[in-house]
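Everything below concerns the one structure shown next.
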Amino acid sequence: MNKWESADLVLKNIVKQFDDGSGQKVTAVNDLSLTIKKGEFVTLLGPSGCGKTTTLRMIAGFEPLNSGEIYLGGRQIDEVPAFERNMPMVFQSYALFPHLSIFENVAYGLRARKVENKVIKNDVDMALQLVNLEGLEGRYPGELSGGQQQRVALARALVLKPKIILFDEPLSNLDAKLRTQTRLEIKRVQKMLGITAIYVTHDQEEALSMSDQVIVMNKGEIVQAGPPEEIYNRPNSIFVADFIGDANFIDVDVLEVKDKIIAVNLQNQTLEINKGNSYQDIKAGEKVYLSIKPEAVNVNQNGAKFSGNLYSTSFLGANTEYEIEFENIIISSVQKNSESDLKTLTYGSKVSIDFNVDYLQILRKE
């Protein structure tokens, strides 16, 4: 399969405001700039109301900009109508026509463009083959599962051979197993074709597993952008650390800052942390947060350096989540069941705690 023509997308200082009904303006997207490279899979990630869907709608041409510019392949397109941008969107609701066959649903955009029937047949067959739905073209949407319907929606977008394909929380209506299967299918097709993809979600796992770049948004602005591993392991703020991976936050005092080490006081003992894990210029004497992912908290009965008391356990299948009373707060630890020696412990039992220092961060309080 030859890769399709794709393109860079550049957003320059885009702003979107809405009227709140009382004559006041509410800023949904504030001076946002972003460059998406040709062939990248980029996810806009953030909580409800952060501006991610509004940004996607401006890219698609569904929402006008109050100010700013959008460029596709070097061409300014912010005044170009949506139907001329060739950026189809795959929606959460599938948006299939129930009275049309699967073939006709996929062919709909081509017929609207008055493409010849022979070309339509070839292109629809190819699109259905790409999403593994060949042989189902004669069925109707109501005869397919939710996952199959979403793949029809994907095929309908792909058949137009777009430079960029847009996804607006497309997997929200699927159960957990179908979500996993469908996101793998989307990623496979995107990489095979080399098409640029922009994906909106509030689901951290989707964003981390599918993306080349994750754009974390809050209150209409980009708060961090980077590869998934960087976003997860090196968040640049308390907001990102808390939103991505449910970090624990412990109040600590900075004792000393060396070339490569930040030393903090924890339970009246010194804990040394890799300075390179922190984006911020931390000074000795500051009161800061120690940010710790649950998987970096090791809980055992082996007499480690720090201690706490078991507060609760939650069986998660292959793993168990332990909540521990530690330094007057509750911190969580996720451990593989095969490696845990805590199965016989009860509420209030004293446990030992150590930390994987490679995954600890110091974050200044906001």
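The values are calculated or read from the model by the stated rules, or taken from the named source; none is laboratory data. It should be emphasised that the depicted structure is a prediction, and the values quoted were computed from it without experimental measurement. Please note: Cβ atoms are built from the backbone with ideal geometry, for glycine as well, and neighbour counts cover all protein chains shown.
Among the conditions (1) out of contact with any Lys or Arg (no Cβ under 6 Å at 6 or more places or on another chain); (2) under 30 Å from residue 135 (Cβ atoms); (3) assigned to a helix (DSSP H, G or I), residue 106 misses just one, which is (1). Looking at 286, 321, just one residue is of a type in the set (D, E, K, R) and within 28 Å of residue 345 (Cβ to Cβ), and that residue is 321. When the test is whether a residue is among the aliphatic types (A, V, I, L, M), in contact with a Pro (Cβ under 7 Å, 6 or more places away or on another chain) and in a loop (DSSP other than H, G, I, E, B), residue 160 passes it.
Kindly indicate whether any position in the stretch 236-248 is in contact (Cβ under 8 Å) with a residue 12 or more places away in the chain, assigned to a loop (DSSP other than H, G, I, E, B), among the hydrophobic types (A, V, I, L, M, F, W, C) and surrounded by fewer than 17 Cβ atoms within 10 Å (Cβ to Cβ). Let's see the steps before the verdict.
Applying the first criterion (in contact (Cβ under 8 Å) with a residue 12 or more places away in the chain) to the stretch 236-248 yields 236-241, 243-248.
Checking the rest, the ones that are also assigned to a loop (DSSP other than H, G, I, E, B) come to 236-237, 244-247.
Checking which are among the hydrophobic types (A, V, I, L, M, F, W, C) leaves us with 244, 247.
After this cut, where a residue has to be surrounded by fewer than 17 Cβ atoms within 10 Å (Cβ to Cβ) as well, the list is none.
Scanning the stretch 236-248 turns up no residue that is in contact (Cβ under 8 Å) with a residue 12 or more places away in the chain, assigned to a loop (DSSP other than H, G, I, E, B), among the hydrophobic types (A, V, I, L, M, F, W, C) and surrounded by fewer than 17 Cβ atoms within 10 Å (Cβ to Cβ).
Answer yes or no: is there a residue in the stretch 309-326 that is among the aliphatic types (A, V, I, L, M) and touching a residue at least 60 places away in the same chain (Cβ under 8 Å). No, that holds for no residue. From the list 95, 127, the one residue that fits, being closer than 20 Å to residue 198 by Cβ, of a type in the set (A, V, I, L, M, F, W, C), in contact (Cβ under 8 Å) with a residue 24 or more places away in the chain and surrounded by fewer than 20 Cβ atoms within 10 Å (Cβ to Cβ), is 95.
Test residue 260 against the criterion of being surrounded by fewer than 19 Cβ atoms within 10 Å (Cβ to Cβ) and either under 26 Å from residue 284 (Cα atoms) or in contact with a Ser or Thr (Cβ under 7 Å, 6 or more places away or on another chain) (or both), and give yes or no. So residue 260 passes the test.
For the stretch 32-48, the count of residues that are at pLDDT 95 or above, surrounded by 14 or more Cβ atoms within 10 Å (Cβ to Cβ), in the same structural domain as residue 223 (by TED's automatic domain parsing) and farther than 24 Å from residue 207 by Cα is zero.
Being touching a residue at least 24 places away in the same chain (Cβ under 8 Å), farther than 23 Å from residue 241 by Cα and under 33 Å from the mean Cα position of the chain (by Cα) is true for just one of 356, 300. Which residue is that?
300
Just give me the residues in the stretch 29-49 being within 19 Å of the chain's Cα centre (by Cα) and farther than 19 Å from residue 228 by Cα, in sequence order. Of everything in the stretch 29-49, those that are within 19 Å of the chain's Cα centre (by Cα) and farther than 19 Å from residue 228 by Cα turn out to be 29, 32, 33, 48, 49.
Among the conditions (1) farther than 26 Å from residue 333 by Cβ; (2) free of Cβ contacts under 8 Å to residues at least 24 places away in the same chain, the only one that residue 229 does not satisfy is (1).
Where strands (runs of 3 or more DSSP E) sit wholly within the stretch 7-50, those with at least 3 residues that are under 18 Å from residue 64 (Cα atoms) and of a type in the set (S, T, N, Q) occupy 25-36.
If the condition is being closer than 18 Å to residue 353 by Cβ and among the basic types (Lys, Arg), then the stretch 260-302 contributes only 293. In this structure, residue 306 does not qualify as closer than 24 Å to residue 242 by Cβ and touching a residue at least 60 places away in the same chain (Cβ under 8 Å).
Given the criterion in the same structural domain as residue 357 (by TED's automatic domain parsing) and closer than 17 Å to residue 235 by Cβ, identify the matching residue among 324, 273.
273
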